[in-house]
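Structure, as structure tokens:
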Amino acid sequence: MFVINMKRAWQFLFDNLKYENNLMLLREYIKIVGELLFNYAGEIRTIPVQIGGTSWEPEMPARTQIFIDGNKRVAQLIANKVLIQNNIGIFQVPIEGLEEFKMLLIRFYESGNDMEIIDFMKNYCIRRIRG
């Protein structure tokens with residue numbers, strides 16, 4: 001179901017490139033990525049959540065942990081939407097850098113310091129559009 005939902009979310013992205021990013025659009029993405037995978041897809045988080053790999057727990061909602069589950073998937077989709085809209089490319093974490101990306105993401109969650117993960121994403125995660 002995960003793969004089907006992500007395919008549908010990408011199709012939704014391409015079909016809605018002209019629309020501005022707002023909470024209503026984010027909720028549509030989370031409904032699509034969470035369909036049949038987790039409860040309350042599309043609803044704003046009102047309960048505590050945990051993030052794999054760290055004991056840090058986000059405040060209600062904070063650091064883009066708006067939803068109970070699927071936050072990173074939606075964040076990646078929205079990042080791609082913005083990059084595509086601006087003819088920059090796509091956001092993709094290379095498989096060989098996945099463990100480092102996860103470590104940097106956890107470090108960001110725990111510290112709030114985004115410098116390292118931003119540098120990593122700029123250097124390794126933007127696939128340029130050739131034209």
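The values are calculated or read from the model by the stated rules, or taken from the named source; none is laboratory data. As the structure is a prediction and not an experimental result, all values here were calculated from the model. So basically every Cβ, Gly included, is an ideal-geometry build from the backbone, and we count neighbours across all protein chains shown. Ligands, DNA and RNA are excluded from the accessible area calculation, which covers all protein heavy atoms including side chains. Shrake-Rupley method; radii C 1.70, N 1.55, O 1.52, S 1.80 Å.
Looking at the chain as a GNM with Cα springs under 10 Å, which of Phe67, Phe101, Phe91 has the largest mean-square fluctuation? Comparing Phe67, Phe101, Phe91 in the GNM, the peak value goes to Phe101. Taking the helices alone, the chain has a mean residue ellipticity at 222 nm of -15500 deg cm²/dmol, built from -39,500 (n - 2.57) per DSSP H run of at least 4 residues and averaged over all its residues. What full-extension length gain, to one decimal in nm, is calculated for Asn113 and Asn86 as 0.36 nm per residue of separation minus the Cα-Cα distance? Result for the pair: 7.1 nm of gain on full extension. Taking 25 Å as R0, compute the FRET efficiency from the Cβ-Cβ separation of Tyr124 and Tyr19 and round it to 0.05. It comes out at approximately 0.30. Treating r as the C-beta distance of Phe38 and Trp10 and R0 as 25 Å, the FRET efficiency rounds to 0.85. When you work out D = kT/(6 pi eta Rh) for the range 20-72 at 37 °C and 0.692 mPa s, using the Kirkwood radius from C-alpha pairs as Rh and the Stokes-Einstein form, the result is 285 µm²/s. For the chain, a Gaussian network of Cα nodes joined below 10 Å ranks Tyr109, Tyr19, Tyr40 by mean-square fluctuation, and the top entry is Tyr19. Based on Cα atoms of the chain, Rg over Rh with Rh as the Kirkwood radius reads 0.95.
Rank Ala75, Ala41, Ala62 by mean-square fluctuation in a GNM of the chain with C-alpha springs under 10 angstrom and give only the top-ranked residue. With Cα springs under 10 Å in the chain, the top fluctuation among Ala75, Ala41, Ala62 is at Ala62.
Solvent-accessible area assigned to carbon and sulfur over the chain amounts to 55 percent, based on a 1.4 Å probe.
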